[in-house]
Structure formats: structure tokens, C-alpha cells
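Reading through the C-alpha cells given below for one structure.
A short reminder: the numbers here are calculations on the coordinates, not readings from a lab. Everything quoted here is computed from the prediction, not taken from an experiment. Neighbour counts run over all protein chains shown; Cβ positions are idealised from the backbone, glycine included.
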There are 2 protein chains.
Amino acid sequence: MCQLLGMNCAKPTDITFSFRGFSQRAGITSDHCDGFGIGFFEGKACRVFIDSQSAVQSPVAEFIRNYPIKSKNVISHIRKATQGKITFENAHPFVRELWGRHWIFAHNGHLHGFTPKLAGRFLPVGNTDSEYAFCYILDRLVERFGYAEPAIQDVFDALEDIVPEIAEHGTFNFCMSNGQALFSYAVTKLHWTVREYPFRPARLIDLDLEIDFSQHTTPEDRVAVIATEPLTNNEMWTAFEPGELRLFEHGRPIRTAQTFIQRLVDEAIDPSLRRITQADIY
Amino acid sequence: MCQLLGMNCAKPTDITFSFRGFSQRAGITSDHCDGFGIGFFEGKACRVFIDSQSAVQSPVAEFIRNYPIKSKNVISHIRKATQGKITFENAHPFVRELWGRHWIFAHNGHLHGFTPKLAGRFLPVGNTDSEYAFCYILDRLVERFGYAEPAIQDVFDALEDIVPEIAEHGTFNFCMSNGQALFSYAVTKLHWTVREYPFRPARLIDLDLEIDFSQHTTPEDRVAVIATEPLTNNEMWTAFEPGELRLFEHGRPIRTAQTFIQRLVDEAIDPSLRRITQADIY
């Protein structure tokens, strides 16, 4: 399995503090060693840095830890390969252009038997279930809106329909951004927190490091951080409900929706199926 | 204007020697200081590193010079901004996915009044004529082949039709790759050379640096290098003819075609138009 990190901010912010803690999970505090990736939006374009080495050992990750890139939307992913080879083709976040913007997507989980026909407009470059699901989401968005860019709230409405359909096929926790906003969804495990005025110190769980954000911020700053597991032990992290879709914009959660996943209901009744799901989670 | 560097190889090769010379042109031996980009294919996926700082000053470029990434297809671009702001949105090489592969494209030149209607399948993220032309090329490829991937030679046939149509609008020198092969085209200025067995020493023009490739290669290595201006002063570089389209695969030129550009004929007759073109070139 993998771990996710997302950041959505009111003003361009550097993610080095959170990324330092997060990347420890790639071999030191956890074993997500099979590559990493991180994407930084600037305007409508996203710069993605990926490597097939772990985020602890990769020179690319070391570069990111030391080179503060300010961005309003960032998504990172550390991988423990369970499906698909360790190649750049399979590295998250995946990128596509739609409506004259980059879209990036990173996934934590497994999908079983999720192979709907794709229109061809977006095709996977690698062979992961994750990239397939991303292509499917984009296909469905084009099917619904054509090539005229919809409002972000309309995209949210569409995701409410599309995403639980995919979640019927397995564990589907993801972060997705188009540079304007960050969409996130969880079936099993994802947490979020908001850092805002008055800022306080934050202490990483995975590394002996504390920062006093009040020394580095202005009252206009506001940062939402989304992570598979909380990154700090003195901030309030909220767990996503199973099937919860959230939209973050300008550094705060602006909308949430509870999607219905039939599989979760069925599995609560049938213990043999529940075991399969448990295996997916850990 | 900008400068281009392309590399197509029989075996994965690192480009650090050529890139060291090339990146000197971003402020030391020339003034292409407004950002740089480089894309490295591994299989069907491409990693692109870009920065809005010059390739001399950028920490990303410094990282690339010191971190040898082996690839069979590489394209780099250093920019002197004349059209479009200096933002990541406007940084070459541009990337799109088509037929389950990344495609990258970098352009040197200006296009005047080139605004054909795009289908929507590929839309520019930034506001350069270059990205617009790239989207147009991909649109036309989809129009011709649909979503079934054609052979590389069939793509070449299609480019023979598409590319001179764009070149009627101005200076259009480019490198484009899908990870299998490298297509390059010149209206005004582009050169190529092949390094192969028996390898010899090569000496950079832009930096006091020489390498003896025979010490670092095997007889199976073969590398085609394409650059706006020759990079070395002791290798044989061949200039592209105006309107020449070339296909490189496995480190060698495998096909060439001479396209017809009506504008060049007209400008040879009308001296006032010729002056406009000269301004484009330098």
C-alpha cells in the first residue's frame, strides 16, 4: 500500500516541514520504500518530481527537502509496491491535461476487477489500477461536461457520482488537484487538519522536529493538510468517514459529501468479505 | 528565442556532458536565461524537470548536471522569453499523453497568427505559440489515427503533412519524442551528429571540457545528438535543410523528408518579407 500527503493553501506555501515528516515513512518510521512522487502547482501548471528510489534515499527527494517550492496545491505519494512494477510509468502523482489545466492524482489502495472500457481520450501509461481509475474519472468528466470547463462545484457534483462507483471495487483513498482546489476521498484511511491564524507550534510524529508556525506566517495564511496518517502529535486531525468526499479551496474545507458504497454495507453483513477488506487496509 | 537540445540513443545514456555545454548558453556563452526544461524518458513515461530560473543559476539545473539520469530519449530547452510570460505554464518541454504514452515537445522560433481551432482534446495550459502548435499536432494525429496507436513511420508520414502547414506561420524548429523515437524539424537552424563506435574524444565549445567517449562506452552504444548550434568543435555536425523533418531511432537518423514551405519561396522573392524572417531567426 501507499501513503498520501496533500496540501491546499490560501497563499503559496512551502511544504518542506510536512514533507520531512512524511518522507520518513519511506524506510525509517514505515516501509513505503518503492518510489515517491510530489507535484507542485504554480497557476494552471504542475511540476512533478518522481523517483523510483525511496523518499529517504532518493536524491530527488533530498533535493525537495532542501529546496522550498511555494505552491497553493501540492500532492505527494510514497509507494509500497503491491501492484504494478517499480517504474516511473507507475509513479504517483499521475498527470493529465484537461480544460487547459494540469490535473494530478495520487491513490492509496487496491481496486479489484476495475477495468471499464476507456474512451481513449485518457489512457494509462503504466499498469496500475490507480492510473486506470484516474483515466476513468477524467473520461467521465469529459463525458459530462465536454471540453467547456465547468465550475469546481460542478466537478464536485460529478465526483459524487463517479467516485463511489470505483470504490465498489476496493480501497480507494485519493487526493486530486487541478491547481484551483484539492479533492480528496477516503474509503478506509485519510486525515485532515487546517493550520490558520493564530498559528501555533507543530511537532512531527516521524521526526524529532518542531516548528512554530507563528514565526513564519501572516494572518492571511491558511493551509489545509491531508495525510493518510496524522503528521503531527499536537494538532487536531480529523479522520475522513468511510465514503467521504471533501473539497478544499483557499486552505479550508469548503464542501463535504457522504457517498454510499454498497460493498461496505454488504461486507458488514458477510464476515468472509470483511476479511478481504481488512487485508486491503493494512 | 530559445535553444534546443535532443538526444536519441540505442541504449540508456546520460546527457550530463552535452547538457553541461548546452546550459552554459543560459547566461554565460549566450543569453537564454528565462527558464529551462529537460525531459527524460524511461519506457513510455517521461520525467520533466523545469525551472523559471536560468539553467546556469537554477538549483534544478544544477541537480541535473550532477545527477546522471540514463535515458534513450531526452529533450531540453533553454528559453529567452519573447512571447508568453516566464512561468512554469510556459516552460518547454510540454507534455501530453497520447496512445498511452507521454509525448514531449520543445520549440525554437515564433509563429505569427497561428490560431487554428483546437478540438478540445489537447488544450494549452500556458499562452505560448509553441504549446498551441504542439496541441494542434496532437489533435491532427488523433484526427488521422483515432485512439489506436499507429506505427512510428505512420506518425512520420502524418507529420510530413502537418508540420509545413505550421511552418507557413513562422520559424518552427522543434524536437518531439514519445520515448520510442525522436522527431525533429527545422526551418532555420538545427544541427545533428551521431556518436558511435569507434568513439572518439569530444570537446565542448561552451565550456573548457573534453571527454573521451571511448573510455565510457561499449560498441553497442550509439547516440544521436540534435542541437540548435553544434555543442562540440571536433565532431561532425550536419545542419538541417530549411523544411527538413528527421526521425531518429536507436541513436541514428532513420528517415528524412524535405517539406515544402511556400512562405520561404515567397520571401526569397520579396525582400521586405525576408527582413521579417531574419528578425525571427536571431
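Miscellaneous remarks
- Across chain B, C-alpha contacts under 8 Å between residues 6 or more apart give a mean separation that, scaled by the residue count, equals a relative contact order of 22 percent.
- With the label put 7 angstrom out from Cα along the Cα-to-Cβ vector, A:Asp212 ends up 6.0 nm from the copy partners, going from closest to farthest.
- Among residues other than B:Lys70 with Cβ under 10 Å from its Cβ, the summed charge is 0 (Lys and Arg +1, Asp and Glu -1).
- Per-residue shielding of A:37-44, expressed as the average number of other chain Cβ atoms within 10 Å of the residue Cβ, stands at 3.
- Radius 14 Å from Cβ of B:Ala81, net charge of other residues (Lys, Arg +1; Asp, Glu -1): -3
- Rg and Dmax [Cα atoms of the stretch A:124-255; Å; Rg one decimal, Dmax integer]: 16.8, 49
- Coarse-grained scattering of the stretch B:2-281 at q = 0.07, 0.09 Å⁻¹, given as base-10 log I(q)/I(0) from a Debye sum over alpha-carbon atoms: -0.23, -0.38
- For the rotational copies B and A, the chain B residue with its Cβ nearest the relating axis, together with that separation in Å, is B:Phe63, 3.
- Counting lysine pairs in the stretch B:2-281 that sit 8 or more residues apart in sequence, or on different chains, and whose Cα atoms lie under 17 Å apart gives 6.
- Per residue, the convex hull around the alpha carbon atoms of the protein assembly as shown comes to 155 Å³.
- Distances between copies at B:Asp154, taken between label points 7 Å from Cα along the C-beta direction, are 3.6 nm in increasing order.
- Annotation: amide H of A:Ser71 within the under-5 Å range of A:Thr13, A:Asp14, sequence separation 5 or more or interchain, hydrogens built in the peptide plane.
- Taking the three principal axes of the alpha carbon atoms in the stretch A:1-154, the coordinate ranges are 43, 38, 20 Å, sorted in descending order.
- The separation of the stretch A:125-174 from the stretch A:71-118, counted between C-alpha centres, amounts to 12 Å.
- Label spacing, shortest first and in nm, from A:Ile28 to its equivalents in the remaining copies (7 angstrom along Cα→Cβ): 3.5
- At q = 0.27 Å⁻¹, base-10 log of I(q)/I(0) for the stretch B:24-81 (Debye sum, equal scatterers on each alpha carbon): -1.06
- Proximity of backbone amide H atoms, modeled 1.01 Å from N, is registered between B:Leu209 and B:Leu204 at under 5 Å, excluding neighbours fewer than 5 places apart on the same chain.
- Shielding value for A:56-64 is 2, the average number of Cβ atoms from other chains within 10 Å of each residue's Cβ.
- Qualifying trypsin sites (Lys or Arg not before Pro) in the stretch B:47-130, where qualification requires a DSSP coil assignment and no more than 16 other C-beta atoms within 10 Å, comprise B:Lys85, B:Lys117.
- At most 14 other Cβ within 10 Å, DSSP loop - chymotrypsin sites (Phe, Trp or Tyr not before Pro), the stretch A:208-261: A:Phe260
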